[in-house]
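Q: Have a look at this one.
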Amino acid sequence: MAIGIAQVQHIDRSDVSAILQAIVQDGCCIIKNFTDVETVRRVNEEARPYIEADKPWKGDLFPPETRRCTNLVGRSNTVREKWIIDPLIRKLTAYFVDKTTSNFYGETKHTYTSEAICSIAMTFDIGPGAKAQRLHRDDKNFHVDHEDQTTAGYRVGSDVMMACMVPGVQTTFENGATLAIPGSHLWGPDRAPRTSEAIVAEMEVTDCWVMLGGLYHAGGANITENEHRILHGFFFERGFYRQEENIYLANSTQDVLSWSPEVQKVMGYELSSPNIGFVNFRTPLQHLRGEQLDDYGDFDTSQEAK
Ligand SMILES: O=C(O)CCC(=O)C(=O)O
Ligand SMILES: [Fe+2]
């Protein structure tokens, strides 16, 4: 059941040029036959213990009925070895997220390409009674300046993120399928998304939802009595969105904990607002100190209009 007017295109994984074209035009599409039922069943099994151990969120990012499996790449061999390196996904990230620039070194022109990396991978299990998330752009985390491209058309390279989400169950309007506004990747910064403009990205098991970081979307409400809406997400970003020197691997926990708070902060052991750099929903410092949080919630104060 669609609650808006625009529709999302459903395209078989073999038709790469049509998928690229749909993402340019709509900012999203549903890839048919992305994977197979047995692979999805394995991923569901690998994520399940972590989903069951997860706690209700305190705050605005997720409704309390949602459970998650963070570090899905570390925890699911199947996501790691099949989905995030799927050749089709790589074609899409190469097209939309890789960045190539040229510079002179003396009088010689040098050209480099930074390849996309996986920024985060997480399962979202929306339980019965959950309210919908607010419509948002995932690339808010990367402070993207969105130009209004509604007249000129999409400029490939203007997004810095691409998301893939594979359903663990059939997703429906009732169980909380993702809501999205096709075409909203073209919007400038001043246009607010309205729920009435959103479509419901209902998917069958074996489909994959792909969207650009600038597309407005949200996890839907789950109005069922007992269905869990499971979705496995893996998100790519520009490969150079990280520090040049990898101090996280160059220094021991003991050394880092002996540094002053100001140094820890400037070296990246706190989060960049919003949301960047967490470890299992803790800051790197909380992780290094071995702090177990009784509950966790928003990293930033909610800015919801009252
Ligand atoms: O659960 C979903 O359908 C999407 C979740 C999402 O957009 C988010 O947490 O940023
Ligand atoms: Fe999101």
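The values are calculated or read from the model by the stated rules, or taken from the named source; none is laboratory data. Every value quoted in this text rests on a predicted model; they were computed, and no experiment measured them. All Cβ positions, glycine included, derive from the backbone under ideal geometry; neighbour counts span all protein chains shown. To get the accessible areas, we keep the full protein, side chains included, count just its heavy atoms, and leave off ligands, DNA and RNA. Shrake-Rupley method; radii C 1.70, N 1.55, O 1.52, S 1.80 Å.
Q: Can you tell me which residues in the stretch 125-161 are open to solvent by less than 20 Å² (accessible area, probe 1.4 Å) and in a helix (DSSP H, G or I)?
A: The answer is Asp139, and nothing else.
Q: Of the residues in the stretch 215-231, how many are within 13 Å of ligand 1 (Cβ to nearest atom) and either surrounded by fewer than 24 Cβ atoms within 10 Å (Cβ to Cβ) or of a type outside the set (Lys, Arg) (or both)?
A: Pass one, the stretch 215-231, residues within 13 Å of ligand 1 (Cβ to nearest atom): 215-222, 228-231.
Narrowing further to those that are either surrounded by fewer than 24 Cβ atoms within 10 Å (Cβ to Cβ) or of a type outside the set (Lys, Arg) (or both): 215-222, 228, 230-231.
So the answer is 11.
Q: Any residue that is free of Cβ contacts under 8 Å to residues at least 60 places away in the same chain and hydrophobic (A, V, I, L, M, F, W, C) - is there at least one of those in the stretch 129-149?
A: no
Q: Got a number for residues in the stretch 270-306 being more than 20 Å from the chain's Cα centre (by Cα), open to solvent by 50 Å² or more (accessible area, probe 1.4 Å) and of a type in the set (A, V, I, L, M)?
A: Number of matching residues: 1.
Q: What pairs can you find where one residue is in the stretch 71-96 and of a type in the set (Val, Ile, Thr), the other is surrounded by 17 or more Cβ atoms within 10 Å (Cβ to Cβ) and part of a loop (DSSP other than H, G, I, E, B), and their Cβ atoms are less than 6 Å apart, with a gap of 6+ or different chains?
A: Cβ pairs passing all conditions: Thr93/Ala116.
Q: Something else: Filtering the stretch 247-271 down to residues that are in contact (Cβ under 8 Å) with a residue 24 or more places away in the chain and of a type in the set (Ser, Thr, Tyr), which residue is nearest to Arg68 (Cα to Cα)?
A: Step by step, filter the stretch 247-271, then rank; the result is Tyr248.
Q: What are the pairs with Cβ atoms under 6 angstrom where one residue, in the stretch 109-126, is over 17 Å from Gly157 (Cβ atoms) and of a type in the set (Lys, Arg) and the other, located anywhere, is open to solvent by 50 Å² or more (accessible area, probe 1.4 Å) and in a strand (DSSP E or B)? Sequence gap at least six, or different chains.
A: Close Cβ pairs (under 6 Å, with a partner that is open to solvent by 50 Å² or more (accessible area, probe 1.4 Å) and in a strand (DSSP E or B)) amount to Lys109/Ser102.
Q: Same structure, new question: With the requirement that a residue be in a loop (DSSP other than H, G, I, E, B), closer than 29 Å to Ile19 by Cα and of a type in the set (Gly, Ala, Ser), what does the stretch 43-98 give you?
A: Answer for the stretch 43-98, where residues must be in a loop (DSSP other than H, G, I, E, B), closer than 29 Å to Ile19 by Cα and of a type in the set (Gly, Ala, Ser): just Ser76.
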